[in-house]
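Since the structure comes first, as structure tokens, the remarks are kept for the end.
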Amino acid sequence: MTLAGPNKEQLSTAEEVAEEQIVDRIFEAVIEQRLPAGTKLSESALCQAFGVGRMRIRRSLLLLASREVVELHSNRGAFVARPTAEQAREVFEARLAIEPNVARMAANRATGEDIAALARHLELESQAHANGNRRDAIRLSGQFHTMLAEVAGNSVMLRMIKELVTRTSLIIGIYGAPGVTNCRDDDHADLIDALRKSDAEQASNIMEAHLRHIEERVDLKASPGTGVDLISVFCGTGKRGS
């Protein structure tokens, strides 16, 4: 008796999962600023780093391009997005339009378990700030905003905020001074306090002031960062390239 192999639909699903994993890894490396803006994403290097074929890498890059994390240039290849000063302003405008309402919704819907999870996350964020670990501080502060969107319970807003947080990290990486991170953990503590009180108006106001503070600390005239060794980044060493 011959066992039936996986059908076409099963193979397709497996490929999609693998591509999403690649997308998530690259997405995370951008958030953590291990892939600075303008870094060339060599297909051959990514194939070697992830152990997959060229077509899967190309599909992953197309997904990242649809999220505006990657820019695709004819005859030149793929590059980590390098937002202009005007695009940076548009990102902050979008966050100001969305996130105060997300904070309002989160204040109305947060459970005790949600608040406890945010408080635990804030401890990690505060520790990263105290240790001067800029990369972890940026990653954790961005995650705080996506966690808040999860508490708000709107999947569309959550997806938008994930993308905006990633683009903000790019902007901070290009235009932020060495000591600048996405957020102040004191502001996040105030947001958690507003959630504890179920004070939607206070949460919204804190979020608006918080986002304006981040934008004010970004120097939109700064120069972009340098490239990296892709294989080292995705094989766990994170070695900087020249």
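Read-outs: derived from the displayed coordinates by stated rules, not from any lab. These numbers were taken from a predicted model, which means no experiment stands behind them. Positions of Cβ are backbone-derived with ideal geometry, glycine not excepted, and every protein chain shown enters the neighbour counts.
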Problem - Inter-site label distance for Lys40 and Leu124 at 7 Å from Cα along Cβ, in nm - result: 3.5
Practice task
Subtracting the Cα-Cα distance from 0.36 nm times the residue separation, let me have the gained length for Arg196 to Ala117 in nm, one decimal.
Solution key: 27.2 nm
Practice task
May I ask you to derive the FRET efficiency for Arg89 and Asn205 from their Cβ-Cβ distance with R0 = 25 Å, giving the value to the nearest 0.05?
Solution key: 0.70
Problem - Simple spin-label estimate for Ala189 and Ala65 in nanometres, 7 Å along Cα-Cβ - result: 4.6
Fill in the blank from the handout: Taking a ≥ b ≥ c as the square roots of the eigenvalues of the Cα gyration tensor, with a/c under 1.5 meaning rounded and otherwise prolate when a/b exceeds b/c and oblate if not, the stretch 12-150 is prolate
Fill in the blank from the handout: Going residue by residue through the stretch 68-84, the Karplus relation 6.51 cos²θ - 1.76 cosθ + 1.60 with θ = phi - 60° gives ³J(HN,Hα) values, rounded to whole Hz and with x marking Gly or Pro, of 6, 8, 10, 10, 9, 10, 4, 6, 10, x, 10, 9, 4, 4, 10, x, 7
Completion exercise
Among His129, Leu164, Asn101, the residue whose Cα sits farthest towards the positive end of the charge dipole of the stretch 96-172, when +1 is placed on the Cβ of each Lys and Arg and -1 on the Cβ of each Asp and Glu, is Leu164
Problem - Stretch gain in nm, segment Glu28-Leu96, where the contour uses 0.36 nm per residue and the Cα spacing is subtracted - result: 22.2 nm
